[in-house]
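Here is the structure we will look at.
The values are calculated or read from the model by the stated rules, or taken from the named source; none is laboratory data. Quick caveat, the model's predicted, so the values are computed rather than measured. Here Cβ is always computed from backbone atoms with ideal geometry, including for glycine, and neighbour counts include all displayed protein chains.
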Amino acid sequence: MMRTESNQDMSPARPRILIIEDDRRMSEALLCGIEAAGYDVTSASSAEEGFFLLHRSHPDLLVLDLTLPQRNGLEILQQIRTERIDVRVLILTSHNTVEDRVTGLRSGADDYLGKPFSFPELLARIDALLRRVLPLSTSTSFNIGDLTLDTKTRTASRSGRPIDLTVREFDLLLYLAENRGRTVSREMLASDVWRESSRFTPIDNVIDVQIARLRRKIDDPYPLKLLQTVRGIGFSLREPQP
Amino acid sequence: MIARPLSLRTRLTLWYVAVLGVLLLLYAALVFGFQYAVLTRQMFHDEVQDVVTAEGLLYFDSQGVLQLHQNYYSRPTSHLLVDRLMEALDLSGHILYESPTLHGMMLGGRLQHGEGDTGFNERIVRLRDGTYVLIVSHIHTLDGVTMVIRLGYSLGPLRERMLQFLILLLVTVPAALLVAGVAGQLIARRGLRPLEKMASRAEGITASNLHDRLQIDNPNDELGQMARVFNHLLERLDQAFRQMKRFTADAAHELRAPLASIRTTSEVALGKSGSESQYKEALANILEETGRLNETIDGLLLLARAEASQPGQDQSVFSATELVNEVLSVLSVLIEEKQISVLQDGDMTGEPTTIRADRPLLRIAFMNVLHNAVKFSPRRSTLRIVWACGKEEVRITVGDQGPGIPTGEEEKVFDRFFTSSSPATAQGSGTGLGLSIAKLVVNRAGGRIWFEPGQSGASCILAIPTFTERLASQ
């Protein structure tokens, strides 16, 4: 209740995110990166400070590191859930086994990301978590430049000319289109498009080749390149800035 | 006081003494009973003989009183005279004769029905003064008078002798047990001495001297066997330990290489003022190196997970053919790109390829093996997957037309962080963990994986036990 009221107070409402992370560098980088993505971000380096900020500023989302110096992140999570504070929680941790994941989600976390993660993936998760309350876009077609995707007929065309895509190529293009303007990491593609549970597979190689093939189909015949490789990070589907 | 657990030596001795004690007591009881029976029988025979003798010596004197000839015996102290207790009764129960040794006491009380009718009835009676007597009764007719003659000897001396015998037994049995116990303890100590030696030696073996072995005095006895088994255990531990050490060193090296690259890249980038694109280039390089680091760590964690998995845990039953086709479909884009033709042949219709394993792990194993084959296949070559499905195992041969594995490295390629000496294969190798993981996973599923030597191209064979309902019900 408090959250919606305060949202109305300040307009335009930028979703507010609180980061509780004890590693100073990590915290700074997260603050900087998430802020750049258009959020209102505050950070705390201890559980006490975090609780204080949580009660004062009522953030929409809490990015919580599980390994904190004095109190375990899980305890904080449990207290948040007992106090019925209305906040979505995204857990970050380097203990990244299935069991840890289950414990975290059982304790009331909304999502879970293992360190080291790719930053685009963190942004995508944050977006997804905050979108849960907002109405989902119901559009069945995407337009990036002169590229059009129809999710109903599962067809793509560029400048009106249809492009023949395989199932996987369409899924890949659709995923990139859904995240248009943003960079998508190989980890995200592996888990969301290829549905690979383990990272230790030669899947990166497969992704690279698949991207190259997709590029041949959607970009090569056209002067304007939409599918870009962001070195070291991943791929991005966007209209290039002039 | 808290009872401390006894040593093996003492326990052995105690058991042995206890068993021996029971046996000795049983033996003593048998001997005692037998002796008593023999002596009693002897006494009975004496009495029967004595009755026959006494009957010949009885006579009625002039007053009609029954008398016994005393002058028959040469010596008046004959034990038959001294010990013999005798009385004679007529059929109405009147005492006709009474030996002086009875001192007026009745020997057998009133006449019993049928007493002495058949041979020599024997029975034990108690006299008025408390003496127990074994008597025999016999019917005898003298001068037209039918009488019952009772004759007996006191059981006192016999019982006294038996009591002495019993005391002797009761004294000697504990003494024998004591001697046996001490001897047993000594023998056990002597026998177990090699064990103590082994224990003290084993106690001295720690991680730093795992190569030490127990001394085997006699390889054929039980202790020698134990020492041998223990030495084998040490051998395996030693090997595992050395492997672990090498692995840690290799892992450290493998992690250090990307770290060094990250460090140098950053230092160089910060050391000179460059353009924005140069900085971006450096950062991208660093990111790629962290990706390498992460992949190595993922591989190590996967190895740890596969190693820690218990047999039977997380296992499911599935078709190997399906799994291979699933992996091939993931890799299909690479296969198409290199224009490789995949040929699957062999006995596909015969036995089903149902296997039982940790599917996600086995999928990674297949993924690694097949990806290797694709990676090393030249363009427009053929990748052969041959199936041989027997009753026992499914055998999958993955053969490529790549550079193959150098002779002598067929085993080593499964080593962790192994890098081939051949420049053709060293190119484009990944973390160096893929095949190690594949091997570990296949072994955990009860199967084997190896490279067939002497083939053109690499020929990897995976043999995985087939799963049948029959096996499952066992």
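Answer with yes or no whether B:GLY152 is assigned to a strand (DSSP E or B) and within 28 Å of B:VAL31 (Cβ to Cβ). Steps first, please.
Numbers: assigned to a strand (DSSP E or B): yes; within 28 Å of B:VAL31 (Cβ to Cβ): yes.
Yes.
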TODO: Mind counting the residues in segment B:287-343 that are over 29 Å from A:ARG168 (Cα atoms), crowded, with 16+ Cβ neighbours inside 10 Å and not hydrophobic (A, V, I, L, M, F, W, C)?
DONE: 3
- [ ] Identify the single condition in (1) modelled with pLDDT under 90; (2) under 22 Å from B:ASN325 (Cα atoms); (3) surrounded by fewer than 17 Cβ atoms within 10 Å (Cβ to Cβ) that B:ARG379 does not satisfy, given that it satisfies every other one.
- [x] (1)
Task: Index of the failed condition, A:ARG216 passing every other in (1) at pLDDT 90 or above; (2) in contact with a Leu (Cβ under 8 Å, 6 or more places away or on another chain); (3) within 14 Å of chain B (Cβ to nearest Cβ) - done: (2)
Task: Residue list for segment B:315-335, filter: among the polar types (S, T, N, Q) and either in contact with a Pro (Cβ under 8 Å, 6 or more places away or on another chain) or in a helix (DSSP H, G or I) (or both) - done: B:SER319, B:THR321, B:ASN325, B:SER329, B:SER332
Task: Residues located in segment A:199-242, provided they are under 19 Å from the mean Cα position of the chain (by Cα) and assigned to a loop (DSSP other than H, G, I, E, B) - done: A:ARG199, A:ARG231, A:GLY232, A:ILE233, A:ARG238
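I'm checking my understanding of the structure. Among residues of segment B:124-147 that are under 26 Å from B:LEU39 (Cβ atoms) and touching an Asp or Glu at 6+ places or on another chain (Cβ under 9 Å), which one is surrounded by the fewest Cβ atoms within 10 Å (Cβ to Cβ)?
Here is the first cut: in segment B:124-147, the residues under 26 Å from B:LEU39 (Cβ atoms) are B:124-138.
Retained after the next criterion (residues that are touching an Asp or Glu at 6+ places or on another chain (Cβ under 9 Å)): B:134-138.
Values: B:LEU134: 20, B:ILE135: 22, B:VAL136: 24, B:SER137: 24, B:HIS138: 23.
Here the residue is B:LEU134.
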- [ ] Please state which one of B:LEU233, B:LEU223, B:LEU192, B:LEU255 is under 30 Å from B:LEU301 (Cα atoms) and surrounded by 13 or more Cβ atoms within 10 Å (Cβ to Cβ).
- [x] B:LEU255
TODO: Count, please, the residues in segment A:162-192 that happen to be of a type in the set (S, T, N, Q) and closer than 21 Å to B:SER329 by Cβ.
DONE: 2
Task: Among (1) surrounded by fewer than 18 Cβ atoms within 10 Å (Cβ to Cβ); (2) within 14 Å of another protein chain (Cβ to nearest Cβ); (3) part of a helix (DSSP H, G or I); (4) under 38 Å from the mean Cα position of the chain (by Cα), the one test that B:ARG242 misses - done: (2)
- [ ] Within segment A:203-213, track down each residue that is crowded, with 21+ Cβ neighbours inside 10 Å and within 7 Å of chain B (Cβ to nearest Cβ).
- [x] A:VAL206, A:GLN210
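Take B:THR353 and tell me if it is among the polar types (S, T, N, Q), in contact with a Ser or Thr (Cβ under 6 Å, 6 or more places away or on another chain) and modelled with pLDDT under 90.
Values: among the polar types (S, T, N, Q): yes; in contact with a Ser or Thr (Cβ under 6 Å, 6 or more places away or on another chain): yes; modelled with pLDDT under 90: yes.
Judged against the criteria, B:THR353 is a match.
Could you pull out the residue among A:ASP164, A:ASP171, A:ASP146, A:ASP220 that is acidic (Asp, Glu), in contact (Cβ under 8 Å) with a residue 60 or more places away in the chain and more than 25 Å from B:ASN285 (Cα to Cα)?
Numbers: A:ASP164 fails: in contact (Cβ under 8 Å) with a residue 60 or more places away in the chain; A:ASP171 fails: in contact (Cβ under 8 Å) with a residue 60 or more places away in the chain; A:ASP220 fails: in contact (Cβ under 8 Å) with a residue 60 or more places away in the chain.
Answer to the selection: A:ASP146.
Condition test on B:GLY434, is it under 30 Å from B:ARG256 (Cβ atoms), buried (at least 18 other Cβ atoms within 10 Å of the Cβ) and of a type in the set (Gly, Ala, Ser)? Show your work before the answer.
Numbers: under 30 Å from B:ARG256 (Cβ atoms): yes; buried (at least 18 other Cβ atoms within 10 Å of the Cβ): yes; of a type in the set (Gly, Ala, Ser): yes.
When the stated conditions are applied, B:GLY434 passes them.
Is it fair to say B:LEU39 is at pLDDT below 85 and part of a helix (DSSP H, G or I)? Can you show your working first?
Numbers: at pLDDT below 85: no; part of a helix (DSSP H, G or I): yes.
When the stated conditions are applied, B:LEU39 does not pass them.
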Open item on the list: Looking at segment A:174-198 only, could you name the residues that are out of contact with any helix residue (DSSP H, G or I) (no Cβ under 8 Å at 6 or more places or on another chain), in a helix (DSSP H, G or I) and within 14 Å of another protein chain (Cβ to nearest Cβ)?
Closed with: A:SER191
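Can you spot a residue in segment B:336-346 that is touching a strand residue (DSSP E or B) at 6+ places or on another chain (Cβ under 8 Å), in a helix (DSSP H, G or I) and closer than 23 Å to B:GLY430 by Cα? Walk me through it before giving the result.
Kept after step one, since they are touching a strand residue (DSSP E or B) at 6+ places or on another chain (Cβ under 8 Å), are these residues of segment B:336-346: B:340-346.
The next check asks that each one be in a helix (DSSP H, G or I); those that pass are none.
No, because not a single residue in segment B:336-346 is touching a strand residue (DSSP E or B) at 6+ places or on another chain (Cβ under 8 Å), in a helix (DSSP H, G or I) and closer than 23 Å to B:GLY430 by Cα.
Would you call B:ALA284 small (Gly, Ala, Ser), part of a helix (DSSP H, G or I) and more than 9 Å from every other protein chain (Cβ to nearest Cβ)?
Working: small (Gly, Ala, Ser): yes; part of a helix (DSSP H, G or I): yes; more than 9 Å from every other protein chain (Cβ to nearest Cβ): no.
So B:ALA284 does not fit the description; no.
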